[in-house]
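A short write-up of the structure that comes next.
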Amino acid sequence: MDRLSSYITLASRKTILLVTATLITLTLIFTFSASIRESSIQLWQQQQLDSQRNNDCIANTATVHELPVEKLKWDQCLSPTSERETYLSIVIVSRMDDYAGNQHHRLQNFIDSAYLLAEHSQTTIELLIVEWNPPSDRRRVVDSFRFRHSNYLTYRVITVPNGIHEALPNRGNSPLHEFEGKNVGIRFARGEFIVCTNQDDIWSHNFLNAVKSRVFEKNVIYLQRQDHHNIHDPLPPSIVRLPAFADDDVLFNACKLGDQDWGHYQLPKPLKVTTENILKVADQAGDFTMAHRETWKVPRGYREAGGVAWMDIEFICTAAWTFDIPVVYDENGFACHQDHQNIWEFNTEQHTDNKDIDMGEIMRKEKIYMNEEGKWALQDVDIWDLKLECQEFQGGLCW
C-alpha cells in the first residue's frame, strides 16, 4: 500500500511538473509572439513614417492636410530648389467643386499624361498643382486622384486657403483665381523650364520629342497653335474626346499631331508679334505658355487683376513688347485639349475688364501693364501665418 501511494505521489508530481512546464512554455510563446507582433506593427509604422519623410508616398491622404506642420519641413516643401535637378515644372490650378464642368476624369487623364511624359522621356519632371480655395465639404486633390510612382516624376500640391483667397481682388465672386494661382506655381517651381497649362490638356508626341531633344532655351516664350475649345463635331486634331480614366495606350496615342524623328525635334524661328497677329499667336495661351524659370520673372508673371480670362494674352503682350522677349509659336502643337462645353464664355462677370487696354499702346511702349515688384505670387502675404499648405511626394501606394 505504501509503495502504491509512493507511485501515485510520484505520478502526481510528474503531472504537476509537466503541466507547469507546459504553462510556462505557452506563456513564453504567447509573450514572444506578442512581442514579435508589436515589433512588426512598430516596424510597419516606422516604415510608413520613413516613407512619408522620404516623400515616397502619403499613407493617409484623407487627413494629411490636418497633420501638424513643422516650419522647416514646410519651408523645404516650398523651396524652389531640391536635391535633384528638375528639367520641367508643369503648373496647373484646380479645386474640387467641379467648377469647370465635369472636370474630374479630365484631371485624372491630365495627371496620367504627365506620368507618361516623364516615363517616355526619362526626364526629371515635377507636376505642381496649385489647389485654390478648397471647398470645406469636398475631398482634397491629393485624396481624390491616382498619382502613380515614377523615378522621373515628383508631385507637389500647394494649397491656397480661403483666408488668402478672400484677401485678394475678385471679379464676379469667382471661387478660383487661375492666373494668381499660376503665379504661385511659377514662384515655387523647381524646373529649369516652367509650362503653365490647364487640367483639361494632355501632352502630344511633339512635346515629348521636344523635351527629349532639349530644344528649349532661356529668354524665349514658347507658345503653340491649338484649336478653339468651342469647336465640336467633327473634332479638329488638337481637340480630343477621351473616355473617363483612359488606359495608357489610348491616352498616349490620343494626341500625336504628327510623325516624329525622335530626339531631333525642330522648333520654328521666333516670330515678330504685332497687333495684327497677337490674337492668333496668343489664342489659347492659357493651355500652353512655357519659358525658362528666370524668363517668367522678367514680366513678373501674369498681371493679378482678380479675373479668370484674358491675362494669358496680356502676358504675351508684355513679354514681347515691353521686354522684347522673343516668342516661338509652334504650329505643330504641344498639347491637345479634352473636349467639353466651354463654360467660361457664359461667366462674363468673372472676366478681367480689359476694355480700356489698347494693345497698340503696349506695343509702342507707351503703357506698361504688370505687377509691382514684390507684390505678386503672394510675396507680400504671410503665407505661413495664413496657412498655405504644401505636400511633396513621389506617388504610389503605401502598402
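A few comments on the model shown:
- Cα-only Debye scattering, segment 63-393: base-10 log of I(q)/I(0) at q = 0.11, 0.12, 0.13, 0.15 Å⁻¹: -0.67, -0.81, -0.98, -1.37
- For peptides 72-82, 297-307, sequence by mean Cβ density within 10 Å, most packed first: 297-307, 72-82
- Solution diffusion estimate, µm²/s, Stokes-Einstein, segment 202-287, Kirkwood Rh from C-alpha pairs, 37 °C, viscosity 0.692 mPa s: 219
- FRET efficiency, ASN173 to GLN379 (Cβ-Cβ, R0 22 Å, nearest 0.05): 0.30
- Pairs of Cα atoms in segment 59-105 fall into 5 Å distance bins, from 0 up to the last occupied one, in shares of 4, 13, 13, 17, 22, 18, 11, 2 percent.
- 3J(HN,Hα) along segment 80-94: x, 10, 9, 5, 10, 6, 10, 7, 9, 10, 9, 10, 9, 10, 8 Hz, from the Karplus curve 6.51 cos²θ - 1.76 cosθ + 1.60 with θ = phi - 60°, whole Hz, x for Gly and Pro.
- Taking amide H atoms as placed 1.01 Å from N in the peptide plane, the amide H of VAL240 lies under 5 Å from those of HIS337, GLN338, ASP339, each 5 or more residues away in sequence or on another chain.
- Residue-count net charge about ASP385 - beta-carbon cut-off 15 Å; Lys, Arg +1, Asp, Glu -1: -3
- Stokes-Einstein translational diffusion, segment 102-250 - Kirkwood Rh over all Cα pairs, 1.306 mPa s, 10 °C, in µm²/s: 92
- The alpha carbons of segment 226-348 occupy a box of 43, 42, 27 Å along the principal axes, longest dimension given first.
- Overall, segment 165-260 carries a charge dipole of about 420 debye about its Cα centre when +1 sits on the Cβ of Lys and Arg and -1 on the Cβ of Asp and Glu, all other atoms neutral.
- Over 32 Å (Cα to Cα) - which of LYS218/LYS387; LYS218/LYS256; LYS212/LYS280; LYS367/LYS387 fall in this group: LYS218/LYS387; LYS367/LYS387
No value in this document is a laboratory result; all are computed from the given coordinates. Source: prediction; values computed, not measured. Positions of Cβ are generated from backbone atoms using ideal geometry, with glycine treated the same way; all protein chains shown enter the neighbour counts.
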